[in-house]
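J.: My questions will all concern the structure given below.
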Amino acid sequence: MKFTVRQIATLLGGEVAGNDTLAITKLAKIEEGQPGDISFLSNLKYETHLYTTQASAVIVDRSFQPKKPVSSALIFVENSYSAFTQLLEEYYKLQSFARVGVEQPSYLGEGSQVGEQVYRGAFSYIGSNCQIGRNVKIYPHAYIGNGVRIGDNTIIFPGVRILDNCIIGQHCVIHPNAVIGSEGFGFAPQPDGSYKTIPQLGNVILEDNVNVGSNTTIDCATLGSTIIRQGAKLDNLIQIGHNVEIGKNTVIAAQTGISGSTKIGDNCVIAGQVGFAGHLTIANGTRVGAQSGVGKNVTEEGTSLNSSPAFGLKESMRSLAIFRKLPDLERRVSDLEKKK
Amino acid sequence: MKFTVRQIATLLGGEVAGNDTLAITKLAKIEEGQPGDISFLSNLKYETHLYTTQASAVIVDRSFQPKKPVSSALIFVENSYSAFTQLLEEYYKLQSFARVGVEQPSYLGEGSQVGEQVYRGAFSYIGSNCQIGRNVKIYPHAYIGNGVRIGDNTIIFPGVRILDNCIIGQHCVIHPNAVIGSEGFGFAPQPDGSYKTIPQLGNVILEDNVNVGSNTTIDCATLGSTIIRQGAKLDNLIQIGHNVEIGKNTVIAAQTGISGSTKIGDNCVIAGQVGFAGHLTIANGTRVGAQSGVGKNVTEEGTSLNSSPAFGLKESMRSLAIFRKLPDLERRVSDLEKKK
Amino acid sequence: MKFTVRQIATLLGGEVAGNDTLAITKLAKIEEGQPGDISFLSNLKYETHLYTTQASAVIVDRSFQPKKPVSSALIFVENSYSAFTQLLEEYYKLQSFARVGVEQPSYLGEGSQVGEQVYRGAFSYIGSNCQIGRNVKIYPHAYIGNGVRIGDNTIIFPGVRILDNCIIGQHCVIHPNAVIGSEGFGFAPQPDGSYKTIPQLGNVILEDNVNVGSNTTIDCATLGSTIIRQGAKLDNLIQIGHNVEIGKNTVIAAQTGISGSTKIGDNCVIAGQVGFAGHLTIANGTRVGAQSGVGKNVTEEGTSLNSSPAFGLKESMRSLAIFRKLPDLERRVSDLEKKK
């Protein structure tokens, strides 16, 4: 990005005080601003930084009046925070729209169709009979198996693996080295103590606006589909077992694991390093605290769980508080025994 | 796959009632069956689906008699469940046998030998002096370092990294982005507070019939070998430290971590998100519950452990039950103190 | 490596007893030594192996006198353990220095500068405007985005993903499939229950001598930098959130997760499978036990924490000891109630 302060002020509908010809190339926090950066001041707790920052420009609220001389150009807008957010988004779009076309060598299998404005990075692999939508970005080293469908405007980052027959919606973002549709953990014990592999022939469906974090793994279904519903957001290093279903707009933090055939409802908020047993049904709006272990169905919407094994959040907080004082409780019991 | 109902019935040794010329292309659950699908009915709890399914064919037990009209063709066999399982396996084999030959560009280092019927995907890398057995499938973006040996019929999925001098057995399956033989976490503290790397020169040995899940990491030994014994099954996102040994037919669920030099016995069943400290010896047939933390040797075969730190499963269940009622226990102690 | 026993003795400043013309190709533990191997005997607990090993040579202390005939050549040095360590390091350097030059096909974007003695493996990708230092090793399938800087002597293993604008110091080692600089987990809840992505425009800075384990993920900052300070060592499968800072010489074991904006001090030792909440400040020299959950700031240097939620190590050990005897404590309370 390279714009003048004037151009940015026009974009944001703001007025400039100071040098409006300076070139802006980057966004920065006010305390880290360097020449060429634009920053913002919203919370006046940080006002002192305004008088020391080296940022070329700072976006401020229209109501704001500096108390000391400022070396940066100031852009006055209605709401400095949302103006800066708007700028973040514009900058972000510019970056990702820059990637278009095909770098060589890259691999495209027979019978695969690729939409307009697609980016296919060097060493990317698309198998046979795939349908890749418009404006999809497939970064270097991404692997798309056979018979995969990917909707418009989806971003597939480097090293992502999407196995055969998976279906990815529109506006999805799949971060580096995530694995979608690998065979789940299905083994039938044999009389001699060994295990026989149960073939896993299903796929994974990601509906629209799903995010999948780096190095997250989503296993395909044994038959049918593992499904991640519209708007769900999965962080890094998460494990999703075969035939799992994650509800609409459910958010899951890093390193959580969900065992096979469990169905998580809509609008749930699951913290990091949580574990779910298999074959559970979890109601809409369930909230689960970090490192909890959920072993039972949740039937009531909006339940908050915590601890391992998980139970009600409030109850668990009380039990945990006494856990820390267990030596004291034991002493009180000893005292009672002596005084008897 | 494309077979007629008649061909499938012949394969399974069954008799057909209905249209035996329909084409079958996919396997499906009875409640999700679409035209072109074949399904099965074993548990009569699901019998109602038989009268509504759109599957072209359904496999049923010879003893079964429909109570209403059925639009699907029926294939009568001795045991519908095992017939369907047989079909799953056949279908699965068809899929993986389809991959043979070399896609370009791919890299093969000097002095490496590759067996017959091998698949080497585009952008796959095989270093120098490797021995790759017969019918091995090396998917795109797989990395095989120098001096690696891989046994017959093993599948190396996309993005797998096998570092120098590792030895992989026959009939192994290594899922996408798993890392085998990377340097373990060996650092010697120095007087100034920094750490010096301890060179890790060993390798990893996977015996026959081992499965390694997606994004699982297995560190090489400092000297000698980290060993995964015959028939062991590792799920996704597992960490295996340097010089660890995993026994024959031991099964480990996702996100479990095993610290350096620990030896896990044969036929163990380890649940997900479990942690093992280093330098432990765990007896054959040990079972460990999810999210447990094992910090001590297990000497007795068939022990069941649970909780963090782990102790006997039964004892831990009793302690956990009281943990949930700790506020109540504390109140009872308070009452006793008052009444004194 | 291929040296004679004589050449190795000269390197180590030792004297040989036995055949000094034998060729040595590998290092091994004394109990696993094969012809062509060199081993060492330091702890006399292992002396019996000296009389049975098939290693071609064994390094021993100058003060050592064999009690039985030995078939291996012996190399006498001042300190056999440190001599062997020296050999390990030499061998290790030889291996990694062997990789120099460019394998084809590989990708180098416009405006990128690459130093001398660099290795660029087949299918490696370097974007535009990167600066790659002297003697850097970029293995096959590594992805380096645009505007990335990498210092001298750093090793980037296969499948590593370094996203745009990240800065990697000198003498760093980044293990296979690690992801550096992917977008963190930033989503703003919308009135309709969906989430809007907050653009993540910052980068990741790795200072000098940092190690990053296999399949570890380090998210970029929203603005500014996620920073891993000099000499920090991160094991496999670790999650580092956006805007986190890890202090100098801090060591973190496998599968630990650190939520966004948390600052970990210098010289901390964090065990495996630990979780940190976001926006915390953790004092220098803090030690955290395995599977702990840290939810509060740590202000005192050298604090030891344990348990989930974490509190003082000693206190937690006492509480955990009573936890195991909770059924007994409950019985004692029942007895008191009866006797009242």
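The values are calculated or read from the model by the stated rules, or taken from the named source; none is laboratory data. Every value quoted in this text rests on a predicted model; they were computed, and no experiment measured them. Methodologically, a virtual Cβ is constructed for each residue, glycine included, from the backbone with ideal geometry; neighbour enumeration extends over all protein chains shown.
J.: Does B:Thr250 count as buried (at least 23 other Cβ atoms within 10 Å of the Cβ), under 17 Å from the mean Cα position of the chain (by Cα) and closer than 23 Å to C:Gly159 by Cα?
T.: On the way: buried (at least 23 other Cβ atoms within 10 Å of the Cβ): yes; under 17 Å from the mean Cα position of the chain (by Cα): yes; closer than 23 Å to C:Gly159 by Cα: no.
No, not satisfied.
J.: Moving on. Among the residues of the stretch B:172-206, write down those that are more than 9 Å from chain C (Cβ to nearest Cβ), assigned to a loop (DSSP other than H, G, I, E, B) and in contact with a Phe, Trp or Tyr (Cβ under 8 Å, 6 or more places away or on another chain).
T.: B:His175, B:Pro176
J.: Quick one: how many residues across the stretch C:211-232 are modelled with pLDDT of 95 or more and surrounded by fewer than 24 Cβ atoms within 10 Å (Cβ to Cβ)?
T.: Summing the residues that are modelled with pLDDT of 95 or more and surrounded by fewer than 24 Cβ atoms within 10 Å (Cβ to Cβ) in the stretch C:211-232 gives 4.
J.: If I ask for residues that are more than 19 Å from B:Ile155 (Cβ to Cβ), surrounded by 17 or more Cβ atoms within 10 Å (Cβ to Cβ) and free of Cβ contacts under 8 Å to residues at least 60 places away in the same chain, which ones from the stretch B:86-104 would you list?
T.: none
J.: Can you spot a residue in the stretch C:190-204 that is at positive phi and modelled with pLDDT under 95?
T.: yes
J.: Please give the number of the condition A:Pro158 fails out of (1) at the interface with chain C (Cβ under 10 Å from one of its Cβ atoms); (2) at pLDDT 95 or above; (3) over 20 Å from C:Tyr107 (Cα atoms).
T.: A:Pro158 satisfies every listed condition except (3).
J.: Hey, another quick one. Would you point out the residue of the stretch C:134-148, among those that are surrounded by fewer than 23 Cβ atoms within 10 Å (Cβ to Cβ) and more than 22 Å from the chain's Cα centre (by Cα), that is farthest from A:His175 (Cα to Cα)?
T.: This residue is C:Arg134.
J.: Determine which member of the set B:Thr85, B:Thr52 is β-branched (Val, Ile, Thr) and more than 32 Å from the chain's Cα centre (by Cα). Write out each step before concluding.
T.: Values: B:Thr85 fails: more than 32 Å from the chain's Cα centre (by Cα).
That would be B:Thr52, the only listed residue that is β-branched (Val, Ile, Thr) and more than 32 Å from the chain's Cα centre (by Cα).
J.: Every residue in the stretch B:70-82 that is buried (at least 21 other Cβ atoms within 10 Å of the Cβ) and either part of a loop (DSSP other than H, G, I, E, B) or within 14 Å of chain A (Cβ to nearest Cβ) (or both), please.
T.: B:Ser72
J.: What do you reckon, is B:Asn249 more than 9 Å from chain C (Cβ to nearest Cβ) and on the phi > 0 side of the Ramachandran plot?
T.: yes
J.: For the stretch B:296-314, state whether one or more residues are surrounded by fewer than 16 Cβ atoms within 10 Å (Cβ to Cβ), among the charged types (D, E, K, R) and not in a loop (DSSP other than H, G, I, E, B).
T.: Yes.
J.: Just to verify a result, which residue in the stretch A:275-297, among those that are among the β-branched types (Val, Ile, Thr) and over 22 Å from C:Ser194 (Cβ atoms), is farthest from the other protein chains (Cβ to nearest Cβ)?
T.: A:Thr281
J.: Working only within the stretch A:210-229, note down all residues that are in a strand (DSSP E or B) and not acidic (Asp, Glu).
T.: Of all residues in the stretch A:210-229, those in a strand (DSSP E or B) come to A:211-212, A:217-219, A:225-228.
Answer for the stretch A:210-229, where residues must be in a strand (DSSP E or B) and not acidic (Asp, Glu): A:Asn211, A:Val212, A:Thr217, A:Ile218, A:Ser225, A:Thr226, A:Ile227, A:Ile228.
J.: Okay, next question. Mind listing whichever residues of the stretch A:317-326 are out of contact with any Pro (no Cβ under 9 Å at 6 or more places or on another chain) and either more than 10 Å from chain C (Cβ to nearest Cβ) or closer than 18 Å to C:Leu336 by Cβ (or both)?
T.: A:Leu326
J.: Of the residues A:Ser128, A:Ser106, A:Ser112, A:Ser80, which is outside the structural domain of A:Glu32 (by TED's automatic domain parsing) and touching an Asp or Glu at 6+ places or on another chain (Cβ under 7 Å)? Break it down stepwise before answering.
T.: Values: A:Ser106 fails: touching an Asp or Glu at 6+ places or on another chain (Cβ under 7 Å); A:Ser112 fails: touching an Asp or Glu at 6+ places or on another chain (Cβ under 7 Å); A:Ser80 fails: outside the structural domain of A:Glu32 (by TED's automatic domain parsing).
One residue alone meets the criteria, A:Ser128.
J.: Condition check: more than 23 Å from the chain's Cα centre (by Cα), in contact (Cβ under 8 Å) with a residue 12 or more places away in the chain and within 21 Å of C:Gly257 (Cα to Cα). Does B:Gly295 satisfy that? Before you say what the answer is, go through the steps one by one.
T.: Numbers: more than 23 Å from the chain's Cα centre (by Cα): yes; in contact (Cβ under 8 Å) with a residue 12 or more places away in the chain: yes; within 21 Å of C:Gly257 (Cα to Cα): yes.
Judged against the criteria, B:Gly295 is a match.
J.: Say whether the condition of being among the hydroxyl-bearing types (Ser, Thr, Tyr), surrounded by 14 or more Cβ atoms within 10 Å (Cβ to Cβ) and outside any strand (DSSP E or B) is met by at least one residue in the stretch C:57-69. Walk me through how you get there before you give the answer.
T.: Keep residues of the stretch C:57-69 that are among the hydroxyl-bearing types (Ser, Thr, Tyr), which gives C:63.
Add one more test, that the residue is surrounded by 14 or more Cβ atoms within 10 Å (Cβ to Cβ), and what stays is none.
Among the residues of the stretch C:57-69, not one is among the hydroxyl-bearing types (Ser, Thr, Tyr), surrounded by 14 or more Cβ atoms within 10 Å (Cβ to Cβ) and outside any strand (DSSP E or B), which makes the answer no.
J.: Report yes if A:Gly260 is more than 20 Å from C:Phe187 (Cβ to Cβ) and either in a strand (DSSP E or B) or in the same structural domain as A:His171 (by TED's automatic domain parsing) (or both), otherwise no. Before the answer, list the steps.
T.: On the way: more than 20 Å from C:Phe187 (Cβ to Cβ): yes; either in a strand (DSSP E or B) or in the same structural domain as A:His171 (by TED's automatic domain parsing) (or both): yes.
The answer is yes for A:Gly260.
J.: When the residues of the stretch A:49-71 are filtered to those that are in contact with a strand residue (DSSP E or B) (Cβ under 6 Å, 6 or more places away or on another chain) and among the β-branched types (Val, Ile, Thr), which remaining residue is farthest from A:Ile24 (Cα to Cα)?
T.: It comes out as A:Val60.
J.: Moving on to the next point. Quick check on this structure: which one of B:Ile168, B:Ile155, B:Ile238 is more than 22 Å from B:Gln273 (Cβ to Cβ), within 19 Å of the chain's Cα centre (by Cα) and surrounded by 24 or more Cβ atoms within 10 Å (Cβ to Cβ)?
T.: Exactly one residue qualifies, and that residue is B:Ile168.
Yes or no, residue by residue, for (1) within 18 Å of B:Ala178 (Cα to Cα); (2) more than 9 Å from chain B (Cβ to nearest Cβ); (3) charged (D, E, K, R):
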site	(1), (2), (3)
C:Asp208	no, yes, yes
C:Asn211	no, no, no
C:Gly224	no, yes, no
C:Ile227	no, yes, no
C:Gly231	no, no, no
C:Asn236	yes, no, no
C:His242	no, yes, no
C:Thr256	no, yes, no
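J.: Might you let me know whether the stretch B:230-244 holds any residue that is without any contact (Cβ under 8 Å) to a residue 24 or more places away in the chain and outside any loop (DSSP other than H, G, I, E, B)?
T.: Yes, the conditions are met somewhere in the stretch B:230-244.
J.: Restricting attention to the stretch C:30-51, does a residue exist that is modelled with pLDDT of 95 or more, surrounded by 17 or more Cβ atoms within 10 Å (Cβ to Cβ), in contact with a Gly (Cβ under 9 Å, 6 or more places away or on another chain) and farther than 30 Å from C:Asn153 by Cβ?
T.: Yes: one or more hits.
J.: Out of C:Ala254, C:Ala232, report the one residue that is in contact with a strand residue (DSSP E or B) (Cβ under 7 Å, 6 or more places away or on another chain), under 21 Å from A:Gln291 (Cβ atoms) and of a type outside the set (Val, Ile, Thr).
T.: So the residue among C:Ala254, C:Ala232 that is in contact with a strand residue (DSSP E or B) (Cβ under 7 Å, 6 or more places away or on another chain), under 21 Å from A:Gln291 (Cβ atoms) and of a type outside the set (Val, Ile, Thr) is C:Ala254.
J.: Right, something else. Could you list all residues from the stretch A:258-273 that are free of Cβ contacts under 8 Å to residues at least 24 places away in the same chain and either farther than 14 Å from C:Gln239 by Cα or out of contact with any strand residue (DSSP E or B) (no Cβ under 7 Å at 6 or more places or on another chain) (or both)?
T.: Correct list: A:Ile258, A:Ser259, A:Ser261, A:Thr262, A:Lys263, A:Ile264, A:Asn267, A:Cys268, A:Val269, A:Ile270.
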